[in-house]
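Below you'll find the structure, written out as structure tokens, and then a few comments.
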Amino acid sequence: MANPLIDEILQSTDIVDVIGRYLPLKRAGSNFSGCCPFHNEKTPSLMVSPTKQIFKCFGCGKGGNVLTFIQEIERIDFRDAVKELAKQQHIDLEKYDTSLKKMTAESDEKGKLKRIHSLAQNFFKEQLKNSPEAMNYLQKERKLTPELIQLFWLGYAPDKHYELIQLLRSKGFSDTDIVDASLAKKNLNGEIYAFFRNRIIFPIFDTMSNVIGFSARVLNPEDKPKYLNSAEHKAFEKSKILYGLNFAKTGIREHEKLIIVEGQMDVLGLARLGLPIGIATSGTALSEHHVKILKRYTENIYLMFDNDGAGQQATQRALKLFYQENLFPRIIKLPEENKDIDDLANTPEGKSVFETCLSEAKDGFLAIYDHLRLHSDMSSPVDKQKLINTLFDLILSVNSLTIQEHYKGVLAEKLGFAFEVLDAQFKRYKNTDWRFQVIQQTHKQEQQQEKYQLERELLFVALFYQNQIMNYLESYEAAEQLLTFVQLLAEADKESLLSKALHNQLEEAQIQKISELTLWRDQQLETLNEKEKKYQVILQTLLPYLQKILQFTLKNPKTPTEIKVKLLEARKNL
């Protein structure tokens with residue numbers, strides 16, 4: 001029987017990092033090698049697999065997972081090894097202090113969700129065979145071969161409200177089960193209907209190739225939205241799942257690299273070019289957890305996002321996450337005439353063109369510099385300073401001081417500055433940048449154990465995460481004014497916790513804390529019946545923090561003047 005605590009420890013721990021603390025490891029192909037600490041040897045015979053998360057010594061025979069290694073190296077029992085790794089990974093053991101019955105129930109719930117998704121996937125695959133329109137779209141318009149359609153398990157959701165629901169009911173699943181799996185929605189009368197209709201289905205798998213969710217693309221360009229994605233559930237945490245990784249594992253080992261792209265069709269586009277090493281996120285931004293997962297497979301990582309403004313922002317955000325893990329991706333740039341990899345794959349020379357693009361991929365920092373240089377007026381001191389500040393921001397996210405110095409040297413050379421001049425400016429930026437000051441202030445508060453402000457921030461964000469405020473106030477007019485004000489604050493700082501909450505990009509730990517705070521809020525407001533009273537309680541609690549965010553935003557030189565004006569006007573209406 002699966003144990004949720006052990007599962008979380010094994011999923012959140014990188015065996016290479018743990019063993020690397022005890023002995024030097026060197027890369028050996030897709031694995032790592034080192035001298036075994038359990039017997040005397042001069043020639044390395046210990047192998048560590050980041051993909052399988054196991055170790056094996058071919059000298060003394062010892063092997064196992066990270067828990068086994070900790071038991072052996074520290075000479076402790078299994079229970080103490082669990083406690084030690086849980087402590088290292090900041091896993092709260094108290095939440096697992098439950099009965100065997102509860103553990104079994106949680107395991108059974110995940111199993112049920114996987115079974116219902118497997119049945120749904122078989123249904124979608126059969127429907128694709130019976131839909132000439134959907135098959136024509138995939139083969140004629142998208143140029144996918146039958147082999148690729150089969151490999152990625154593509155399907156079709158018919159334009160019917162109840163067929164899938166009736167099938168799942170006949171297999172013993174309740175309406176609650178079907179809704180919880182994000183395969184159906186309820187109407188105003190409480191009846192359920194199929195969530196995915198008249199759409200191409202892309203199944204989403206975990207790394208063990210269990211179907212746990214779906215992404216569905218329109219057939220009719222007039223339909224909106226273009227993509228519909230399964231909601232999160234107990235078996236599907238978007239911050240821990242990467243589309244295509246289950247297919248790409250073998251290819252990553254063979255090619256010793258992986259490519260992060262924007263969507264499912266880009267993953268398939270790479271496969272069409274003979275490079276089954278593409279992965280994409282599933283309805284969320286790239287997270288720290290994603291980066292830690294990818295680090296297990298290879299350090300040779302490439303980014304290939306769209307070349308528009310949103311793509312550039314996603315690239316810069318991804319680079320910061322990788323830099324924090326001491327990974328330094330390269331960026332692939334496609335020819336201007338090809339809007340994406342899927343488009344390039346449709347051309348006769350697509351494979352050879354892409355191989356050239358791959359060989360010419362630039363270091364991420366240099367690629368960002370080149371893009372900013374191309375789109376900046378370098379004769380303008382304002383534009384030049386914006387470019388420098390953006391690159392300083394990237395450098396600050398690098399963990400290694402040596403590599404920070406390297407990038408500062410590269411930037412100084414490209415801009416024609418003496419290194420000492422640029423370094424002095426970097427230090428001023430580091431000490432005066434408003435966000436850096438906020439980070440420093442937060443660290444100081446944590447050191448003094450002043451946790452109240454962080455909880456106030458999360459309490460504030462909790463109201464707007466997935467629009468929770470409407471659960472309390474519904475369509476109350478005053479709430480609309482508050483929402484307008486909050487959306488302006490999020491627009492002013494797209495890296496803020498608030499902005500991430502509105503765009504569903506919070507980390508798992510933050511979501512967990514928000515869930516706890518939401519329960520507290522429910523208890524606080526459940527005795528109040530009138531919307532106005534609930535609104536006043538919410539507003540009185542949050543006004544001090546709202547005011548603090550507003551002050552930061554107004555002082556921030558990066559905030560556009562028009563947003564500052566709108567914020568001040570919106571503040572009057574609260």
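The values are calculated or read from the model by the stated rules, or taken from the named source; none is laboratory data. Since the model is a prediction, treat every value here as computed from it, not as a measurement. Neighbour counts are summed over all protein chains in view; Cβ atoms, including those assigned to glycine, are modelled from backbone coordinates with ideal geometry. What goes into the accessible areas is simple: the full protein's heavy atoms, side chains included, and nothing from ligands, DNA or RNA. Shrake-Rupley method; radii C 1.70, N 1.55, O 1.52, S 1.80 Å.
Would you mind checking which residues have amide H under 5 Å from Met47's amide H? H placed 1.01 Å from N; only 5 or more apart, or other chain.
Lys56, Cys57, Phe58
Please compute the contact order of the range 375-438 in relative form: average sequence separation of alpha-carbon pairs under 8 Å and at least six residues apart, divided by the residue count, as a percent.
For the range 375-438, the relative contact order is 21 percent.
So what are the range 1-56's ellipsoid semi-axes, whole angstrom, largest first, if each one is the square root of 5 times an eigenvalue of the alpha-carbon gyration tensor?
Sorted largest first and rounded, they come to 24, 12, 10 Å.
How large is Rg/Rh for the range 259-418, to two decimals, with Cα atoms and a Kirkwood Rh?
That ratio is 0.98, to two decimals.
Report P(r) for the range 121-192: all Cα-Cα distances, bin width 5 Å, range 0 to the bin holding the largest distance, values in whole percent.
With a bin width of 5 Å, the distribution comes to 3, 15, 23, 20, 13, 13, 9, 4, 1.
Could you order Arg115, Arg571 by accessible surface area, starting with the largest, using a probe radius of 1.4 Å?
Result of the area sort, largest leading: Arg115, Arg571.
Which pairs break 20 Å Cα to Cα here: Lys160/Lys224; Lys26/Lys257; Lys386/Lys558?
Distance filter (> 20 Å) returns an empty set.
Rg over Rh of the chain, using C-alpha atoms and the Kirkwood radius, what does it come to?
Rg/Rh for the chain comes to 0.96.
With θ taken as phi - 60° and the coefficients 6.51, -1.76 and 1.60, list the Karplus ³J(HN,Hα) couplings across the range 228-235 in order, rounded to whole Hz; mark glycine and proline as x.
Coupling constants for the range 228-235: 10, 10, 4, 6, 5, 8, 4, 9 Hz.
Could you tell me the accessible area of Asp363 in Å² (1.4 Å probe, neighbours in place), rounded to the nearest ten?
Rounded to the nearest 10, that gives 30 Å².
Test of the criteria: in the range 318-357, which GluC sites (Glu not before Pro) are in a DSSP loop and have at most 11 other Cβ atoms within 10 angstrom of their Cβ?
Taking the range 318-357 and a limit of 11 other Cβ atoms within 10 Å, the loop GluC sites (Glu not before Pro) found are Glu336, Glu337, Glu349.
Would you work out the Kirkwood radius for the range 149-236? I mean one over the mean of 1/r across all pairs of different Cα atoms, in Å.
With all distinct Cα pairs of the range 149-236 included, I get 13.8 Å.
For Ser352, Ser359, give the ranking by accessible area with the largest first, probe 1.4 Å.
Most to least solvent-accessible, the answer reads Ser359, Ser352.
Using the Karplus curve 6.51 cos²θ - 1.76 cosθ + 1.60 with θ = phi - 60°, what ³J(HN,Hα) values do you get for each residue of the range 56-70, in whole Hz, with x for Gly and Pro?
So the J values, rounded to whole Hz, are 8, 9, 8, x, 9, x, 5, x, x, 9, 5, 5, 4, 4, 4.
Give me the accessible area per residue for the chain, probe 1.4 Å, as a whole number in Å².
52 Å²
Based on alpha-carbon atoms only, what is the radius of gyration of the range 281-369 relative to the globular estimate 2.2 N^0.38 Å?
Output field value: 1.12.
Around Phe365, with a cut-off of 12 angstrom between Cβ atoms, what is the net charge of the other residues, counting Lys and Arg +1 and Asp and Glu -1?
After counting each charged neighbour, the total is +2.
Tell me, which cysteines of the chain are without a disulfide-compatible partner by the Cβ under 4.7 Å rule?
Cys35, Cys60, Cys357
Counting each DSSP H run of 4 or more residues in the chain as -39500 (n - 2.57), what helix-only mean residue ellipticity at 222 nm follows after dividing by all residues, to the nearest 500 deg cm²/dmol?
Result for the chain: -16500 deg cm²/dmol, rounded to the nearest 500.
Please list, by residue number, every one of the chymotrypsin sites (Phe, Trp or Tyr not before Pro) in the range 112-162 that is coil in DSSP and has at most 15 other beta-carbon atoms within 10 Å.
Filter output for the range 112-162: Tyr162.
Can you check how the C-alpha radius of gyration of the range 131-285 compares to 2.2 N^0.38 Å, as a plain ratio?
1.08
Over every pair of different alpha-carbon atoms in the range 218-326, take the mean of 1/r and invert it; report that Kirkwood radius in Å.
After inverting the pairwise mean of 1/r, the radius is 14.7 Å.
List the relative contact order of the chain as a percent without decimals, with contacts defined as Cα pairs under 8 Å and 6+ residues apart.
Computed over the chain, the figure is 7 percent.
Whenever you get a sec, line up Lys558, Lys320 from highest to lowest accessible area (probe 1.4 Å, protein heavy atoms).
Lys558, Lys320
Give the carbon-plus-sulfur fraction of the accessible surface of the range 321-370 in %, rounded to a whole number; probe 1.4 Å, heavy atoms of protein chains only.
Carbon plus sulfur share of accessible area: 49 percent.
Explain nothing, just compute: Karplus ³J(HN,Hα) = 6.51 cos²θ - 1.76 cosθ + 1.60, θ = phi - 60°, for every residue of the range 261-267 in order, whole Hz, x for Gly and Pro.
10, 7, x, 4, 5, 5, 4
Take the alpha-carbon positions of the range 350-409, form their convex hull, and give its projected area averaged over all directions (one quarter of the hull surface) in nm².
5.4 nm²
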